[in-house]
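Asker: Before I ask anything, here is the structure I am working with.
The values are calculated or read from the model by the stated rules, or taken from the named source; none is laboratory data. Fair warning: this is a prediction, and the values are worked out from it, not measured in the lab. Positions of Cβ are backbone-derived with ideal geometry, glycine not excepted, and every protein chain shown enters the neighbour counts. Areas reflect the complete protein model, heavy atoms only, side chains present, ligands, DNA and RNA absent. Shrake-Rupley method; radii C 1.70, N 1.55, O 1.52, S 1.80 Å.
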Amino acid sequence: MLVPVRNLHRLPDGMDLHHAALLEPLGSVANCLLDPPIINPGDSVLVTGPGTMGILAAQIAQSSGAQVTVVGTARDAQRLHIANSLGLATATDESYRPGTRPADVVIECSGHPSGAALCLENVGPRGAYVQVGVFGKPVTVPLDKVLMKELTITSGLASPTAAWHRAIALVTSGKVSLGPLVTEVAGLGDWERIFKATREGDGMKFVFDPHL
């Protein structure tokens, strides 16, 4: 396959190729959070949605020196367990209670209106709201809170070259772990089973390897 050289990024020696498949989503999250930097050391950060993007965002926030809590629903138990294994605090949307102060930064990764509402409810005055999840349709959220709390709303799209470099550096430095997010590496013949598991939210991320 021919691609422009500027679109190629050399992987560090020893990086697992199956794990490297997650560098693109990591770069996308890095683009949202690190260019420019959104999170300061000591910040309280709330991440809604414990999918791949949410746990990657939480790891970046943690590596930036923040105290991070990842919130999901009751059906996200398996994904919240993965977040716990990475040293992240977790809660369900029903059990979540803010700490002694509201969040300085909220990162919406669920792509669901309830996640956005939870973020807007729990971010503090002059805090930052970062939209990472994709809703895929018009949604209704309490935007008056943007005004009342004087919030800053930001996001980012795709992975520019600088974001790829940041993503690779985050992994090679050990600040972000990709391996725990790869639920299974499967051959192309298993596509039907893998697609079914993905639709049902069973697992985190699946990687197809044509050599299997």
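Asker: Any idea what the dipole of the chain comes to, in debye rounded to 20, about its Cα centre with Lys/Arg Cβ at +1 and Asp/Glu Cβ at -1?
Answerer: On the way: 16 positive and 19 negative charges, 57 e Å.
It works out to roughly 280 debye.
Asker: Per residue, how large is the accessible surface of the chain? Use a 1.4 angstrom probe and give square angstrom. Present the calculation step by step, with values, prior to reporting the outcome.
Answerer: On the way: 11550 Å² over 212 residues.
On a per-residue basis, 55 Å².
Asker: Shape of segment 64-171 from its Cα gyration tensor (a ≥ b ≥ c, root eigenvalues): rounded if a/c is under 1.5, otherwise prolate when a/b > b/c, or oblate?
Answerer: rounded
Asker: Okay, next question. Round to a whole number: what % of the accessible area of the chain belongs to carbon and sulfur, probe 1.4 Å?
Answerer: Looking at the chain in its full context, I get 56 percent from C and S.
Asker: Also, I was wondering about something else. Report, for the chain, the % of DSSP beta bridges that are antiparallel, rounded to 5.
Answerer: Among the beta bridges of the chain, antiparallel pairing accounts for roughly 5 percent.
Asker: Given 0.36 nm per residue, what is the gain on full extension from residue 1 to residue 96 after removing their alpha carbon distance, in nm?
Answerer: Result: 29.5 nm gained on full extension.
Asker: Within 12 Å, Cβ to Cβ, of residue 46, how many net charges do the neighbouring residues add up to if Lys/Arg are +1 and Asp/Glu are -1?
Answerer: Summing Lys and Arg as +1 and Asp and Glu as -1 gives -3.
Asker: In addition: In segment 124-212, which trypsin sites (Lys or Arg not before Pro) are in a loop and have at most 14 other Cβ atoms within 10 Å, using DSSP for the loop call?
Answerer: Taking segment 124-212 and a limit of 14 other Cβ atoms within 10 Å, the loop trypsin sites (Lys or Arg not before Pro) found are 175.
Asker: Moving on to the next point. Rounded to the nearest Å, what's the spacing between the alpha carbon centres of segment 36-84 and segment 170-212? Just the number, please.
Answerer: With segment 36-84 and segment 170-212 each reduced to a Cα centre, they are spaced 20 Å.
Asker: Just need the Rg to Rh number for the chain, please, alpha carbons only, Kirkwood Rh. Let's see the in-between values first.
Answerer: Values: Rg = 17.3 Å, Rh = 17.8 Å.
That ratio equals 0.97.
Asker: Starting from the Cα gyration tensor of segment 1-125, take the square roots of the eigenvalues, sort them a ≥ b ≥ c, and report rounded, prolate or oblate (rounded when a/c is under 1.5, otherwise prolate if a/b is larger than b/c, else oblate).
Answerer: Note, shape of segment 1-125 comes out prolate.
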